[in-house]
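The block underneath contains the structure these notes are about, expressed in structure tokens.
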Amino acid sequence: MEKPESVTNQVVRGLLHPVFPVVIFLVFLAIASGLKYGIDKQDREQIQASLANEAQAMADNLEREFLVHLEAIRRMAQRMEANPDMRESTWSQDARNYLNDFGVYQAIEWIDRDFVIRWLEPLSGNREVVGYNVAFNAERRAALEQARASGTIDISGVIDLRQGGQGLVIYVPIHAGADNNGFMAGVFKMETLARQLLTSRVLDAFRIRITDGDDLAYELNTSSETARGFAHTAPVELPTLNWALTVTPSAAWVDSQRSLWPSATFVSMLFMGILTSLTTLLVQLILKRNRALLKTRRELESEIDQRKAIQQDLARLESTDALTGLANRRFFMEDLTHTLTIADRQMRQVALVMMDLDRFQMLNDSLGHQFGDELLIKVSERLNRLSSEKVLVAYSGGDEFMVCQQHVDELDDVINLLGQIKQSFAEPFEVQGEAHSVTATMGIAVYPQSGLDADTLLRNADVALYRAKEQGRNTYQFYTEGMQDREVLRLELDKDLSHALANDEFVLYFQPQVDLESSEIRSVEALIRWQHPRRGLLPPVEFIPLAEESGRITEIGRWVVMAACRQLAQWQGTEFEHLRIAVNLSGRELDDESLVDHIRDALEANSVPPRRLEVELTEEIFIQNIEHNLDQLSRLHKLGVHLAIDDFGVGYSSLGYLRDFPVDLLKIDRSFITDVTERHDDAVITRAVINLAHNLGIQVVAEGVETMEQLVFLKNHRCDLVQGYLISRPVPAATLEKALREGTMITGVAVDSGL
Ligand code: C2E
Ligand code: MG
Ligand code: MG
């Protein structure tokens, strides 16, 4: 259901409606019209009042003047009364005086009692009326007779004058009744009367009508244009007359009277209306524009929000590893940089843990990538449980994981985390229906001691990891000062190693193995040394792992085999021709398909019988790529080469595979021999291994024999061969030959000798 619009919204919508400015204009127009009407009305009233004043003034003036003239006639009549014998000349003179004084008269007449005009002044222009009887109709006669009888004046009303034009005559009786001596009469020409009485200004501005009762008595300025709607009638109080004066103004006069206010008010209001409407229109436009802008802004903001969300999604996707779901390396590094900035501010430590799954590569190679991926996912799930606000776990690729502990107050915090990581690996991982025990090796760099920026920390954690791997697996190593130097050294060595073969810098040292039963030396182990041009003689631990990493080990291995065969060839036909040489092969060398061929070629090239050569392999070859390795070993065995298992006991310690592989010799690792006379468990293991090997028809060599006690113990427990510093350190061939020749080496001891 649609939400009802709020009152404010409705108001705003109304205000923004396009009709609103028109409404405003109409309101102003209405007000303007109203005001104009009101002021106009007032104005008209004002004009009417002025007109009334004018009319009244005219009427008053007419009255006054008329009465003055009447009075003059009356005085003449009185003079005649007083002097009935007045001569015509006297009268004429009197009349002329009046005519001069009052220019209004058309004529002054004396009329006898029979109403006949007798005397008249001025004569010119009026002469023909002398002898005229003014009682020219019954009405006039009655009026005059009445005046004659009563002695009251009579005014003729407006009549057509004998002299022409219109006029009126005032008859003043001279005595009343029987004594009447006629009338003194004043003749007024209406036009003259009116013009005389009314100022020229007034005459221009008005049309004037004089009515006698209902009859129009006289009209002045008939031609002049009059304003419609304006007229005023004022009564003229004259004896015997019932006059009214109607004044109609000219348009010009009305205009001159009109005030400017109505128009000015109207125009200004209209102007204000237009202005207000335009302003409203403008405000509307601005508001609408604003609204449009706001709308656009909102749309933009929502678009920006959407984009942000998309970007966040993308960032999340970009920051996550697709396989494991953990943070990826790029995100981890960005986060680490950020974390370090905060740590710097808060004076806190940060730990970076680099972690490698032990032997993952081997598992991946032997059990397939699918297996590897699944294992990685399982491991990631476990590690991800350690994730928290303070711990970020990331997958770096391969079998490498990274953990960042963002709040480290003391080193124990890191140790604790390492314990938790180790704990994550305690339970085997169920992959493809089988449980697999996996361990991890870790290198740790702590900010700020082990590096001040993310890259340095990462590099140093890597160095520490490398060191940890060197120490064996399933362990950890903190980065320490100097590791970096070793790392530099390592990289340099790696570079030098590429030239070592070409420069013939490798040499073989030999360490004899004594047969405890016969006290004879029938075999020697060839141990490689690198005569480094600057660093001197380097033991294999310094460069073999490097060579294994870089893949150069294959070439080195070939050189070792060839060098051993050459040595065997040299010994042929000498007192040392019975010696067998044991060479060490690393697991990776077995990957080389042509290994067996190469060994055969080396033997043949030097005409050395294969049984003179022994190959030592560590236990891991029994785990990785089993089928392939088994095949390689079988081929070697068929060739007649002896096979020995080196460092037995440190790796898988599973004796089961010994049955399946064609092994001739088993070398118990030095770590068991070192304390074999002190530690009961080592003694037990050593004894058990010897017995088991013997049961399988395999001979046993004890490595690292350094004391007579060890030698005695081994002899007592029927170990076949011993090898160690007690007899001889690894030495160059010449030294070995000399020692053998001179018989300076300890080669045996009597059983139960008491040592
Ligand atoms: P390995 O095959 O177990 O060799 C025995 C190592 O123990 C030698 O160390 C030897 O000097 C040392 N050793 C022998 N007797 C004693 C003893 O009484 N006390 C002590 N403390 N040590 C003793 P080296 O020569 O440094 O060789 C180390 C490892 O390097 C060898 O262990 C072997 O795995 C590897 N290696 C040596 N030469 C080669 C080679 O030509 N190719 C390959 N792939 N690996 C080699
Ligand atoms: Mg060896
Ligand atoms: Mg060994």
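What the table shows:
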| quantity | calculated |
| --- | --- |
| Arg64, sole failed condition from (1) touching a residue at least 24 places away in the same chain (Cβ under 8 Å); (2) closer than 30 Å to Leu220 by Cα | (1) |
| Within region 481-596, strands (runs of 3 or more DSSP E) holding 1 or more residues that are more than 16 Å from ligand 2 (Cβ to nearest atom) | 506-515, 520-532, 536-538 |
| Single condition Ser498 does not satisfy, out of (1) modelled with pLDDT of 95 or more; (2) not assigned by TED's automatic domain parsing to the domain that holds Thr337 | (1) |
| Selection count where residues are modelled with pLDDT under 95 and either open to solvent by less than 20 Å² (accessible area, probe 1.4 Å) or at positive phi (or both), scope region 522-542 | 3 |
| Count of residues meeting criterion [modelled with pLDDT of 85 or more and hydroxyl-bearing (Ser, Thr, Tyr)] in region 1-37 | 2 |
| Region 597-643, subset among the hydroxyl-bearing types (Ser, Thr, Tyr) and either away from ligand 3 (no atom under 16 Å from the Cβ) or not assigned by TED's automatic domain parsing to the domain that holds Ala569 (or both), residue least open to solvent (accessible area, probe 1.4 Å) | Ser634 |
| Residue tally, condition in contact (Cβ under 8 Å) with a residue 24 or more places away in the chain and within 25 Å of His532 (Cα to Cα), over region 469-501 | 12 |
| Total residues in region 200-241, condition touching a residue at least 40 places away in the same chain (Cβ under 8 Å), out of contact with any helix residue (DSSP H, G or I) (no Cβ under 6 Å at 6 or more places or on another chain) and of a type in the set (Gly, Ala, Ser) | 3 |
| Test set (1) in contact with a helix residue (DSSP H, G or I) (Cβ under 9 Å, 6 or more places away or on another chain); (2) without any contact (Cβ under 8 Å) to a residue 24 or more places away in the chain - Gly536 fails condition number | (1) |
| Set Arg289, Arg316: member being in a helix (DSSP H, G or I), of a type in the set (Lys, Arg) and at pLDDT 85 or above | Arg289 |
| Of the criteria (1) open to solvent by 70 Å² or more (accessible area, probe 1.4 Å); (2) in contact with a helix residue (DSSP H, G or I) (Cβ under 9 Å, 6 or more places away or on another chain); (3) under 23 Å from Gln449 (Cα atoms); (4) not hydroxyl-bearing (Ser, Thr, Tyr), which one Val391 fails | (1) |
| Region 360-381 - residue that is closer than 18 Å to Leu630 by Cα and hydrophobic (A, V, I, L, M, F, W, C) and, of those, surrounded by the fewest Cβ atoms within 10 Å (Cβ to Cβ) | Met362 |
| Residues being open to solvent by 40 Å² or more (accessible area, probe 1.4 Å) and not basic (Lys, Arg) - total across region 62-101 | 17 |
| Ser586 within 16 Å of ligand 3 (Cβ to nearest atom), closer than 28 Å to Lys495 by Cβ and among the polar types (S, T, N, Q) | yes |
| Selection from region 428-447 of residues that are open to solvent by 60 Å² or more (accessible area, probe 1.4 Å) and not in a strand (DSSP E or B) | Gln432, Gly433, Ser437 |
| Failed item, numbered, when Asp675 is tested on (1) within 16 Å of ligand 1 (Cβ to nearest atom); (2) in contact (Cβ under 8 Å) with a residue 40 or more places away in the chain | (2) |
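The values are calculated or read from the model by the stated rules, or taken from the named source; none is laboratory data. Every value quoted in this text rests on a predicted model; they were computed, and no experiment measured them. Neighbour counts are summed over all protein chains in view; Cβ atoms, including those assigned to glycine, are modelled from backbone coordinates with ideal geometry. The protein model used for the area step is the full one, side chains on, heavy atoms only, and it has no ligands, DNA or RNA in it. Shrake-Rupley method; radii C 1.70, N 1.55, O 1.52, S 1.80 Å.
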